[in-house]
Amino acid sequence: MAEKNNDKDPCWDKYEQVGMKTKKGKKVPNCVPKKDSGTKKK
């Protein structure tokens, strides 16, 4: 099981948090794959 790193984003590499969701009655980060195609943030 992967450990949570509270200093950084709670999601895995190449994933970003988009709000929260409920899982088994608890609020957890909603991690979705990052979309790098076509748009770049500066």
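The values are calculated or read from the model by the stated rules, or taken from the named source; none is laboratory data. Small disclaimer: the values here were computed from a predicted structure and weren't measured.
Of all residues in the range 13-42, those that are at positive phi, basic (Lys, Arg) and modelled with pLDDT under 95 total 1. Are any of the residues in the range 5-12 more than 14 Å from the chain's Cα centre (by Cα) and either in a loop (DSSP other than H, G, I, E, B) or at pLDDT 60 or above (or both)? The answer is no; no qualifying residue exists.
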